[in-house]
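A.B. asks: I'd like to ask you about the structure that follows.
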């Protein structure tokens, strides 16, 4: 599950992140201090649930929810507020829930059990970026024939859908050695064959001289930016 918690109060953000790590440890959970930053996140990442404070500087929670409902209609909005008098306004934007502050783990779990839009978690391929990079197919660890293929796939996950030239991939895997072109082609073939044998034919996007991933073909757990620290690419 991917969630975003929006609150200008730092203590509330710290608490929510801590609780979500307990409730859904394999999920991706963001906390931001403004509705503007939340909307930016929603534009870049498929989000299942947005937890919204109501009284915030700039765009308030009700206004943000109206925008989210129009722009991201399958995203659940759950208000988290210390002002129960806003509950009627919250219902008018068809929210998935209203949590009154101060909140605890039981409050969050109860709200997640009654979401208007079910969380789409039916993709068989899951990619974990937090901690040690790993790939799972139907919850069983997925491997390739060649060990270096996993690093190639990790880098493409890190690029998050952006196309990578062959030169860039040679630079990442072999310090730019042009003589490794055949090795790169073997890794790409291994990756495509492995996914094809698993019934996933639409994940690798190959164009002339470049390679990328269809990010809709897998569920991402964690922040891809963390992979740079694990593999020391840059």
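The values are calculated or read from the model by the stated rules, or taken from the named source; none is laboratory data. Small disclaimer: the values here were computed from a predicted structure and weren't measured. With ideal geometry, Cβ positions are generated from the backbone for all residues, glycine too; neighbour counts draw on all protein chains shown.
A.B. asks: Name every residue in the stretch 1-36 that is part of a helix (DSSP H, G or I) and closer than 24 Å to residue 216 by Cβ, in order of residue number.
C.D. replies: Within the stretch 1-36, 20 is the sole residue that qualifies.
A.B. asks: With the checklist (1) at pLDDT below 90; (2) loosely packed, with under 11 Cβ neighbours inside 10 Å in hand, flag the one item residue 175 doesn't pass.
C.D. replies: (1)
A.B. asks: Name the single residue, out of those in the stretch 108-118 being buried (at least 16 other Cβ atoms within 10 Å of the Cβ) and touching a helix residue (DSSP H, G or I) at 6+ places or on another chain (Cβ under 9 Å), that is modelled with the highest pLDDT.
C.D. replies: 108
A.B. asks: Select the helices (runs of 4 or more DSSP H) contained entirely in the stretch 129-227, then report the ones holding at least 3 residues which are within 25 Å of residue 4 (Cβ to Cβ).
C.D. replies: On the way: elements: 147-159, 166-174, 181-197.
Result: 147-159.
A.B. asks: Would you check if residue 54 is in contact with a helix residue (DSSP H, G or I) (Cβ under 8 Å, 6 or more places away or on another chain), crowded, with 17+ Cβ neighbours inside 10 Å and assigned to a loop (DSSP other than H, G, I, E, B)?
C.D. replies: So residue 54 passes the test.
A.B. asks: Is it the case that some residue within the stretch 127-134 is in contact with a strand residue (DSSP E or B) (Cβ under 9 Å, 6 or more places away or on another chain), in contact (Cβ under 8 Å) with a residue 40 or more places away in the chain and over 18 Å from residue 48 (Cβ atoms)?
C.D. replies: Checking the stretch 127-134: at least one residue is in contact with a strand residue (DSSP E or B) (Cβ under 9 Å, 6 or more places away or on another chain), in contact (Cβ under 8 Å) with a residue 40 or more places away in the chain and over 18 Å from residue 48 (Cβ atoms).
A.B. asks: Now for a separate question. Specify which of the listed residues (73, 102) is surrounded by fewer than 12 Cβ atoms within 10 Å (Cβ to Cβ), in contact with a helix residue (DSSP H, G or I) (Cβ under 9 Å, 6 or more places away or on another chain), at pLDDT 90 or above and outside any helix (DSSP H, G or I).
C.D. replies: Being surrounded by fewer than 12 Cβ atoms within 10 Å (Cβ to Cβ), in contact with a helix residue (DSSP H, G or I) (Cβ under 9 Å, 6 or more places away or on another chain), at pLDDT 90 or above and outside any helix (DSSP H, G or I) holds for just one of 73, 102, which is 102.
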